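First comes the structure, then the notes that go with it.
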Amino acid sequence: VGKAREVFDKMKETNVAAWTAMISAYGSHGDGKEAVDLFNKMEDDYGPVPNDVTFVAVLSACAHAGLVEEGRSVYKRLTESYGLIPKVEHHVCMIDLFGRAGFLDEAYRFIHQLDAIGKATSTALWTAMLGACKMHRSYDLGVDIAK
């Protein structure tokens, strides 16, 4: 990641793809904090406007690093700051974020909120929820969800 960051920092012109790739690299290599820091730097007029793929990258980084509050903040900015409409991928990241952190009730409530507005139709949401149940050995909840 260090070499990639050197190349990134030396780029004369960057675009959203370069920023997203660098954020994703940090997240993929277990440095969620650095991914969030770079995302914040991107927002602070150093970079282009993030797109929906950028948000997936930073939300995934938050999920894998246990950065729940940061993930909540990023998800909120998706709509409030950029007017983007969350997609299934963003929702799955949020369920993964809550689930990995052990907030299974919050993950389940999140799905129910999506269901109330007709957005909980993807099997990916339920698969992420079941994965969280398995991770935390919440088998009773997993059985209820599977029904």
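Each reported figure results from applying straightforward, stated rules to the coordinates on display, with no laboratory input. Quick caveat: nothing in here was measured; it's all calculated off a predicted structure. For neighbour counting, all protein chains shown are included, and Cβ atoms are generated from backbone atoms with ideal geometry for every residue, glycine included.
At an R0 of 25 angstrom, the distance between the Cβ atoms of residue 1 and residue 143 translates into a FRET efficiency of 0.05. Solvent-free Debye calculation, one equal scatterer per alpha-carbon of the chain: log10 I(q)/I(0) at 0.11, 0.17 Å⁻¹ equals -0.43, -0.91. Using a 10 angstrom cutoff on alpha carbons, build the Gaussian network for the chain and name the most mobile of 30, 118, 71. Checking each option, the largest mean-square fluctuation is seen for 118. Label separation (residue 134 vs residue 89): 2.3 nm, computed from points 7 Å beyond Cα along the C-beta direction. For residue 3, the lysines whose Cα comes closer than 22 Å to its Cα, not counting residues fewer than 8 places off in the same chain, are 12, 33, 41.
In a fully extended conformation the segment linking residue 45 and residue 13 would gain 10.2 nm over its present Cα-Cα distance, using 0.36 nm per residue.
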